[in-house]
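The values are calculated or read from the model by the stated rules, or taken from the named source; none is laboratory data. The shown structure was predicted, so the numbers you read here are calculated from the model rather than taken from an experiment. Glycine gets a Cβ as well: all are built from the backbone with ideal geometry, and neighbour counts include every protein chain shown. Quick note on the areas: whole protein, heavy atoms, side chains included, nothing else; ligands and nucleic acids left out. Shrake-Rupley method; radii C 1.70, N 1.55, O 1.52, S 1.80 Å.
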Amino acid sequence: MRPARATALAVAGAAALAAGALGACGGGDSSSGGDSEVTWAISSGWDSWNPNTSTGNNSYLTQVLTPGAASLGDFDPDGEFVFNDAILSQAPELTSEAPLTVEYTLNENAQWNDGEPIRAEDFIYIWYQMSGNAEYCNQDQCAPATTDWGANVASIAEADGVVTVTYVEGYLNPEWEFAFPNLMPSHILEANGFENWQSDPAVMGASADWLGTTAPTWSAGPYTPTDAAVGDYVIYEPNENYQGSVEPGLDRLTLRVVEGTDAIVTALRNGEIDGSWPSEFSQEALDEVAGDDAIATEVYEGSIWLHIDTNTNNRFLSDQVLRQAVFTAIDNEELITRAFPDTEVSPRTNHFFSETSEFHEDFLSQTDPPQGSGDVEAANAALAAAGYTTGETLTTPDGEAVTLTFRYGEGDATRTLIGEVVQSQLAEIGIEVSLSAIPDGQLGPVLAEADFDLVIYGWSGTPAFTTAPFQYFGSDSGSNFGNYQLEGLDEAIARVTSTTSLEEAAGFANDVEAMVMPAAFTLPLFDEPQSTVYNRNLLTGVTVNGNSQSGPLWDVQNWQPA
């Protein structure tokens, strides 16, 4: 739960991932205070200020940081990568494939809001934090959401305003152009006591901790944060040292939490907010403003997809036969029909590619027994063959009754409904399921601590796909929350980034999919419809973008008072 990063974000829903992390509102003024003041609702909270950690890697933090983020670029609504001209003077350039080498030519005036220049150390800092290398950073503190990119960087150097990133021998990536995460202000860290971050892994780790607990006052984006409270709000004012080609048009921008689509629509109608990108799609809530000419409502396809994950550390779910039976008993068509009775939504059948992708292959329908089908008879037959006793209460071959806890985002109607329906569906094969809500803003900690048996949340991504196989299923990935492991899986994942051919990389990703889908680690459900609502009489320049992890905030510099 998003600037151009080849990293998926967890979105848990309105009460809380990507997928799915995540409320009280607070800290912001409504637009009634002036024509150039805008209040935009974020539909859930966040628990950390460091977006590069497994705890902070969620959609809501990404959204609230976007107006000040030092992003190197993002995907536009057509899926094309657009470089950020506030930092770069031209698109990244591939200068070698052996080893893979990419050059980033800095805007000669690229700088942070305090006037300090953007420099190579800002690039190096992100590399160290996301390297997974204990020689660079104490990994308990850096706790990167994924190391697939950082672990493959060999060196970063700057000369004459060009930052050169050289990767390790043998590493290739067809998505090299947009692989680099957002920068961090290394000079700010040095000024706050972390001068030796490049030479001392403990200092580097402490600086990552500091970033997680310290509200940012820095910016390289169109707006600078002036006040903030974790999980609640961020207030922005124009960045006087912004070097982008578009001058920001608002005097004040407040991003604050309003939980749930119903509450968002009510706040919009009451003039408390000026717009929002709700994480939970609700046609019923949107219908309430359908006749209001002042309110623009746009519904579109996006990159957030929901899934149910298992925790293989659980004594029951460590058994693949049981995981397969659980997923077979779940009827995804019923979940879709119940959650979206008036909206066309198709089942998701691939972890990496939606049905609209040229690389999509349906691996879900090939599973045996058929996952997501609701075939109770097939589930029971597989369990009985493995020595389970089926009936009103499912018991293991050792005679223990199978019980599970299902976790979902508190207050999110769709995920709550799915939890209730899954509870009923699994009762059909004798499994008692307890429902346990995830408090707002706590999805990150719940996932990082593997505090679940079954959990529903969403992944929010971009058109990029090459890092997803490692992030979801790599044995060393900080986002492999269910501890998924298969013999040969890491080797298969590594092949995804062994080529500069997009088609070949997609084929390797589907090879990974052919391994993980039958293992029943995580059940893809559907691509969630997206909606954006805003007051067109107060705000213009809003462009919805299903390809960006920042949603409509992706080009917030173009927002203007109506």
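Some notes on this structure:
- Diagonalising the gyration tensor over the Cα atoms of region 275-318 and scaling each eigenvalue by 5 before taking the square root yields semi-axes of 38, 11, 8 Å, largest first.
- Taking Cβ atoms as reference points and 15 Å as the exclusive limit, the residues near Gln141 contribute a net charge of -4, counting Lys and Arg as +1 and Asp and Glu as -1.
- Estimated 222 nm signal from helices in the chain, with DSSP H stretches of n ≥ 4 weighted -39500 (n - 2.57), rounded to 500: -7000 deg cm²/dmol
- Based on the convex hull around the alpha carbon atoms, region 64-127 presents an average projected area of 5.7 nm².
- Hydrodynamic radius of region 256-352 per Kirkwood, over alpha carbon pairs, in Å: 16.5
- Counted charge near Glu288, where neighbours are those whose Cβ lies closer than 12 Å (Asp, Glu -1; Lys, Arg +1): -3
- By definition, a body whose alpha carbon gyration tensor gives a ≥ b ≥ c is oblate when a/c is 1.5 or more and a/b is not larger than b/c, and region 340-433 fits this oblate description.
- Expressed in units of 2.2 N^0.38 Å, where N is the residue count, the Cα radius of gyration of region 51-188 is 1.02.
- Vicinal HN-Hα couplings computed from phi for region 100-109 (Karplus, 6.51 cos²θ - 1.76 cosθ + 1.60; Hz; Gly/Pro x): 4, 9, 10, 10, 10, 8, 6, 4, 4, 10
- Coupling constants for region 358-368 follow from the phi torsions by the Karplus curve (6.51 cos²θ - 1.76 cosθ + 1.60, θ = phi - 60°), and in residue order they are 5, 9, 5, 9, 7, 9, 5, 5, 8, 6, 9 Hz; glycine and proline get x.
- Taking amide H positions as modeled 1.01 Å from N, with prolines and chain starts lacking one, the residues under 5 Å from Asp331 and 5 or more places away or on another chain are Gly374.
- Cβ crowding within 10 Å averaged over residues, with 428-436, 157-165, 514-522 ranked highest first: 514-522, 428-436, 157-165
- Ratio of the Cα radius of gyration of region 199-272 to 2.2 N^0.38 Å, where N counts its residues: 1.47
- Sorted from longest to shortest, the spans of the Cα atoms of region 154-252 along the three principal axes equal 48, 35, 28 Å.
- In this structure the amide hydrogen of Asn239, modeled in the peptide plane, comes within under 5 Å of the amide hydrogens of Tyr223, Thr224, none closer than 5 places in sequence on its chain.
- Square roots of 5 times each gyration tensor eigenvalue, C-alpha, region 254-303, largest first, Å: 15, 15, 10
- Accessible area of the chain divided out per residue, in Å², using a probe of 1.4 angstrom: 35
- Longest to shortest principal axis, alpha-carbon extents of region 42-95, angstrom: 38, 24, 18
- Carbon and sulfur %, accessible surface of the chain computed with the full protein complex present, 1.4 Å: 42
- Among 538-551, 373-386, sorting by the average number of other beta carbon atoms lying within 10 angstrom of each residue, highest first, gives 538-551, 373-386.
- Region 86-111 versus region 190-238: alpha-carbon centroid distance in Å: 25
- Each part gets one Cα centre, and for region 442-463 versus region 330-365 those centres are 19 Å apart.
- Cα-based convex hull, the chain, per residue volume (Å³, whole number): 130
- A simple rule links phi to the HN-Hα coupling: the Karplus curve 6.51 cos²θ - 1.76 cosθ + 1.60 with θ = phi - 60°, which for region 432-447 gives 7, 10, 9, 8, 9, 6, 9, x, 3, x, 10, 4, x, x, 4, 5 Hz, with x for Gly and Pro.
- Taking amide H as placed 1.01 Å from N in the peptide plane, the amide H of Leu88 sits under 5 Å from that of Asn107, each at least 5 places away or on another chain.
- Cβ charges +1 (Lys, Arg) and -1 (Asp, Glu), total dipole of the chain, debye: 640
- Taking only the alpha carbons of region 398-521, we obtain Rg and Dmax values of 17.0, 52 Å in that order.
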